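Notes to accompany the following structure.
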Amino acid sequence: MVVESHRELAASGPLGFLIVTVSDSRTPETDSGGQKLRELVEAAGHRVADAGIVRDEIAAIRETVEGALEAQGVDVILLTGGTGVSPRDVTVEAVRPLLEKELPGFGELFRMLSFAEVGSAAMLSRATAGIARGRAIFLLPGSPAALGLAMERLILPEARHLLGQARR
């Protein structure tokens, strides 16, 4: 099978994840989405290279992602929050210009899986993913339940395969 032969090229060993919560109101103590991501990354045998909170501002978000793209030991960048449709939701606008290749299938699959759980409200998500400088970037909602869905069903099962393809 073609997928299985591609998986042979997958990145090996634990991956380094950077977790960024995009929020004007969260603190390290109230960052339930960031904590959920940390738990899922570590439970899957990967490592959290760094984690933090950044305000819902295009310049701050973009600067954070640009720094992560320069950092050693970061394979996957996860941003949680700012992917909805409110005026302060600017994560997609901040990061999309940095993506060298967009992965539209991620958002499509995420919304399909979300629809099964939350119904038509799934269309309000602008969850997006792409590749930049050999790293995978995922723009995710802030809901811990949505993060669990994205990580368990899509990101963790394919992260090594995705990076193996991107870095060929």
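Are any residues in the stretch 130-147 of a type in the set (Gly, Ala, Ser) and more than 14 Å from Ile19 (Cα to Cα), and if so, which ones? Selection gives Gly130, Ala132, Gly134, Ser143, Ala145, Ala146. Any residue in the stretch 80-101 that is polar (S, T, N, Q) and in contact with a Lys or Arg (Cβ under 7 Å, 6 or more places away or on another chain)? Yes, that holds for at least one residue. Looking at Gly67, Gly73, Gly33, Gly84, just one residue is crowded, with 21+ Cβ neighbours inside 10 Å and either within 17 Å of the chain's Cα centre (by Cα) or not aliphatic (A, V, I, L, M) (or both), and that residue is Gly33. Filtering the stretch 135-168 to residues that are charged (D, E, K, R), surrounded by fewer than 16 Cβ atoms within 10 Å (Cβ to Cβ) and without any contact (Cβ under 8 Å) to a residue 60 or more places away in the chain leaves only Arg153.
This table checks each residue for (1) modelled with pLDDT of 95 or more; (2) in contact with a Gly (Cβ under 6 Å, 6 or more places away or on another chain); (3) of a type in the set (Phe, Trp, Tyr).
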residue: Gly16; (1), (2), (3): yes, yes, no
residue: Ser25; (1), (2), (3): no, no, no
residue: Thr30; (1), (2), (3): no, no, no
residue: Glu42; (1), (2), (3): yes, no, no
residue: Val48; (1), (2), (3): yes, no, no
residue: Gly52; (1), (2), (3): yes, no, no
residue: Ala60; (1), (2), (3): yes, no, no
residue: Glu63; (1), (2), (3): yes, no, no
residue: Gly73; (1), (2), (3): yes, yes, no
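Scanning the stretch 89-123 for residues that are part of a loop (DSSP other than H, G, I, E, B), surrounded by 14 or more Cβ atoms within 10 Å (Cβ to Cβ) and either among the acidic types (Asp, Glu) or in contact with an Asp or Glu (Cβ under 8 Å, 6 or more places away or on another chain) (or both) yields Asp89, Val90.
The values are calculated or read from the model by the stated rules, or taken from the named source; none is laboratory data. Note that this is a predicted model, so its numbers are computed, not measured. Backbone-built Cβ (ideal geometry, glycine too); neighbour counts: all protein chains shown.
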